[in-house]
Amino acid sequence: MAATSTGATYGRDQADALRAAVTRIVTDTPVTDIHTHLYAPPFGELLLFGIDELLTYHYLVAELLRVSNVSYDAFWAMPKPAQADLVWKELFLERSPISEACRGVLTALDRLGLDTASRSLGDYRAWFRDRDPNAHIDAVFARANISSAVMTNDPFDDLERPTWEAGYAGDPRFHAALRIDPLLNAWPAANRRLSQFGYDVGGSIDTPTINGVRKFLDDRITRMKALYMAVSLPPDFAFPEDSARAKLLEHAVLPAARDHHIPFALMVGVTRQVNPALRLAGDGVGYASLAPLHHLCAHFPDNKFMTTYLARENQHELCVAARKFRNLLVFGCWWFLNNPSLIDEMTRMRIEMLGLSVVPQHSDARVLEQVIYKWDHSRTVIAQVLADKFADLVRSGWTVTEDEIRRDAATLLGGAFWDFARR
């Protein structure tokens, strides 16, 4: 049977050409980065970029403090340039930078046109020093082939909130996502803040309090034009249960998401501060039950749920769950899973079980230039997996056209998210 698309067609005898076409098309397809910790320039110091920020990213800090004789307290007492100097010395010069986090820094520098062979930290600093933030964002997004990125926007953050209150009008390169961790994970403190913000909430989670929380969510979703709401949850997350988190989730968060027609994203499995001395680098991972997710998807069919789990051991069960619930979208290889070997394993499993109805990756970038390496490395893996799957098709006698490859690459690199969000 003839293929239904137009363009170059690949069959059994064009395996090498097919693989080359898939690699080229995946590389050339712009991506929507659906979860980052980046910010548009009006958010000021929250927009992190440059070599010192890259080198003091918490992945590298954790790696450094495994091998350095510098104490935790002494490291944190250093100014950031001195911290970056130490990371460069210990992880790049005194050892080969073969970890994924180290390699990522070099990929970013190389793709920006800097000479990584020079090993000159001073030259890299000089190059970044005079970069205009707006122009630099454009350059970085172009190198990463990103059409837009979704921020993580915490309405309780005292550094971020003033920008919204001042009437931030938006930036087409950046979308908003309403992050509600304090609301669901630290209700007493969030309750006090909501009162300070002028919302009518009380000490108990009764109808007036629910109404006050709902008004807060409605206001923030509207002001931010949030694409979705999101929360990071511990491995022992349970639902339903008799807790403030469960009550707020059921009676305020889910109705708000449903009525605004936006997904609610659950990021499950982070164990906070297993080593507090590492600060931001001190969080760990734990296996989580999927029973709460099953309950949410089954009992709230009018809601849309996006989810990613942090433990590798959760991934197969998560794919099975996604096969059962059309209101569930699996996304990304989060945090400790953002390594090529695991991205390969997870992407293969997801495509084999769910076809193209997944979002294989997000960058989770905290430093602007990280989107370059995270997408460079991930695209390589995604292209390899997709090429293997197309090769399987042509071995069965099916033919594949370039138009079909473009369609499917666009689906994996953003289309599945937009289709789900707008459904």
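Each reported figure results from applying straightforward, stated rules to the coordinates on display, with no laboratory input. This one's a predicted model, so the numbers in the text were calculated from it and none came from an experiment. As a convention, Cβ positions derive from the backbone with ideal geometry for all residues, glycine included, and neighbour counts pool all protein chains shown.
Among the residues of the range 274-317 satisfying the criterion of being within 22 Å of the chain's Cα centre (by Cα) and acidic (D, E), which is surrounded by the fewest Cβ atoms within 10 Å (Cβ to Cβ)? The qualifying residue surrounded by the fewest Cβ atoms within 10 Å (Cβ to Cβ) is E313. Pairing residues of the range 351-371 that are more than 23 Å from K389 (Cβ to Cβ) with residues that are aromatic (F, W, Y), at Cβ distances under 6 Å and at least 6 apart in sequence or on separate chains, gives V367/Y57; L368/F49.
Note on the range 38-133: enclosed helices (runs of 4 or more DSSP H) holding 1 or more residues that are without any contact (Cβ under 8 Å) to a residue 60 or more places away in the chain, over 20 Å from V371 (Cβ atoms) and of a type in the set (A, V, I, L, M) are 58-67, 72-77, 80-87, 121-129. Condition check for A226 on (1) in contact with a strand residue (DSSP E or B) (Cβ under 6 Å, 6 or more places away or on another chain); (2) under 22 Å from R326 (Cβ atoms); (3) hydrophobic (A, V, I, L, M, F, W, C); (4) in a loop (DSSP other than H, G, I, E, B): one failure, at (2).
Comparison of A257, A246 shows that the only residue that is part of a helix (DSSP H, G or I), under 23 Å from S204 (Cα atoms) and either free of Cβ contacts under 8 Å to residues at least 24 places away in the same chain or among the acidic types (D, E) (or both) is A246.
Okay, residues lined up against (1) in contact with a helix residue (DSSP H, G or I) (Cβ under 7 Å, 6 or more places away or on another chain); (2) in a loop (DSSP other than H, G, I, E, B); (3) aromatic (F, W, Y):
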residue: R192; (1), (2), (3): no, no, no
residue: S195; (1), (2), (3): no, no, no
residue: V201; (1), (2), (3): yes, yes, no
residue: P208; (1), (2), (3): no, no, no
residue: D219; (1), (2), (3): no, no, no
residue: T222; (1), (2), (3): no, no, no
residue: V231; (1), (2), (3): yes, no, no
residue: F239; (1), (2), (3): yes, yes, yes
residue: D242; (1), (2), (3): no, yes, no
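Taking residues in the range 198-222 that are more than 14 Å from P188 (Cα to Cα), and partners anywhere that are hydroxyl-bearing (S, T, Y), the pairs with Cβ atoms closer than 7 Å and at least 6 places apart or on different chains are G212/Y199; K215/Y199; F216/Y199. Total residues in the range 71-125 satisfying the condition of being under 30 Å from R379 (Cβ atoms), among the small types (G, A, S) and more than 28 Å from the chain's Cα centre (by Cα): the figure is 3.
Cβ-Cβ distances below 7 Å connect the following pairs, each with a first residue in the range 146-158 that is over 17 Å from E45 (Cα atoms), a second residue that is surrounded by fewer than 23 Cβ atoms within 10 Å (Cβ to Cβ) and hydroxyl-bearing (S, T, Y), and a separation of six or more residues or different chains: S147/T32; S148/T32. Mind checking which residues of the range 288-316 are closer than 18 Å to V359 by Cβ and either without any contact (Cβ under 8 Å) to a residue 24 or more places away in the chain or out of contact with any helix residue (DSSP H, G or I) (no Cβ under 7 Å at 6 or more places or on another chain) (or both)? Once the filter is applied, which keeps residues that are closer than 18 Å to V359 by Cβ and either without any contact (Cβ under 8 Å) to a residue 24 or more places away in the chain or out of contact with any helix residue (DSSP H, G or I) (no Cβ under 7 Å at 6 or more places or on another chain) (or both), the range 288-316 yields C297, M306, T308, N314. Of all residues in the range 322-363, exactly one satisfies the criterion of being surrounded by fewer than 23 Cβ atoms within 10 Å (Cβ to Cβ), on the phi > 0 side of the Ramachandran plot and outside any helix (DSSP H, G or I), namely G355.
The requirement of being touching a strand residue (DSSP E or B) at 6+ places or on another chain (Cβ under 7 Å) and either among the hydroxyl-bearing types (S, T, Y) or closer than 30 Å to W76 by Cβ (or both) is fulfilled nowhere in the range 312-327; no residue meets it. For the range 223-243, the set of residues classified as acidic (D, E) and either surrounded by 15 or more Cβ atoms within 10 Å (Cβ to Cβ) or without any contact (Cβ under 8 Å) to a residue 24 or more places away in the chain (or both) consists of E241, D242, listed by residue number.
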